[in-house]
Amino acid sequence: MRNLLSLLIVLGFLAPEVAFAQDVFELDIEIDEAELVELPPEKPAWMTVGGPIALGLVLLALLWLNKVTVPFRVSEESLLLYHYPTGVKRGLALAVILYGVAFLFGSLEIVYQLHLNGSAEAYFANMSQGKLIAFTHAHLFGFVTSFLIVGIPFSMQFNHLRYYQWFLPVGLAAAFIDVVSWWGIKYVSANFEYISMLCGILFAGSYLYMLIGLLRVLLFPHVIWFSDKDAEERRAKLEEAQRRRDAV
């Protein structure tokens, strides 16, 4: 009898908690289905994996088409910057340096945005379509202009070297594919980041090499590299000038 009375007392204390738990359970069941967030279906592998691969193949196709349509030949037109007017050399050197500074700030912006948003995927996801259109427009113009300013005199200065003639087209093609990859990151898959990183390395490396090559020619004309078309002639002139100074 005493045990039965104790059991009834315990059940009396637990009854409110049981009722509350039942109310909560019923509340969860009665949630309006219209308020549920429906996640988009997962994209197939041919888009998330095949898309970046296809874009990488487009880059190779652009370079192959460029090689086939414009085969290499040693051009009769050359540009020996040592012989150009002082104002041209000073202005071109300053323009090359300022474009290098612009690229540096562009790199710092990438680092800042990745730190702010956590990833490139989040950065482009938060970007509106209109802003991405403006972003694409501005960067294509900037990339093309900067590569032409640096690439044309570089290619003409070293017109006799076959592999030097690849720096300008490789940089431009990589810059274009990089911009296209931003749309892939936003609308298809974060895997396009790999293409963006690869293209970033290609166009930054090619631009930096051309920039250093031009500045060496413009600002340090007495530094002679094996790649200089008139290397032997200039060495001979320097040696002759040194002999004259020693004779005096």
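Brief remarks follow.
- Among residues of the range 65-87, those that are under 25 Å from Leu198 (Cα atoms) and surrounded by 11 or more Cβ atoms within 10 Å (Cβ to Cβ), counted: 3
- Breaking point among (1) surrounded by 17 or more Cβ atoms within 10 Å (Cβ to Cβ); (2) modelled with pLDDT under 95; (3) within 30 Å of Trp46 (Cβ to Cβ); (4) not small (Gly, Ala, Ser), for Phe158: (3)
- Flag for Ser196 being in a helix (DSSP H, G or I), crowded, with 18+ Cβ neighbours inside 10 Å and in contact with a Leu (Cβ under 8 Å, 6 or more places away or on another chain): no
- The residues listed here are Ala204, Ala173; of these, the one that is closer than 30 Å to Ser78 by Cβ, at pLDDT 95 or above and not basic (Lys, Arg) is Ala173.
- Scan the range 49-89 for residues that are without any contact (Cβ under 8 Å) to a residue 40 or more places away in the chain and not in a loop (DSSP other than H, G, I, E, B) and the total you get is 15.
- Hits in the range 209-242 - residues which are among the polar types (S, T, N, Q) and part of a helix (DSSP H, G or I): Gln242
- Number of the exception - Phe141 against (1) surrounded by fewer than 17 Cβ atoms within 10 Å (Cβ to Cβ); (2) modelled with pLDDT under 90: (2)
- Subset of the range 124-138 (residues that are surrounded by fewer than 19 Cβ atoms within 10 Å (Cβ to Cβ) and touching a residue at least 60 places away in the same chain (Cβ under 8 Å)): Ala125
- Selection status of Ser128, out of contact with any helix residue (DSSP H, G or I) (no Cβ under 6 Å at 6 or more places or on another chain), of a type in the set (Gly, Ala, Ser) and modelled with pLDDT under 90: no
- Residues of the range 156-187 that turn out to be of a type in the set (S, T, N, Q) and under 24 Å from Thr48 (Cβ atoms), as a count: 1
The values are calculated or read from the model by the stated rules, or taken from the named source; none is laboratory data. Predicted model only: the values in this text are computed from it and were never measured. Methodologically, a virtual Cβ is constructed for each residue, glycine included, from the backbone with ideal geometry; neighbour enumeration extends over all protein chains shown.
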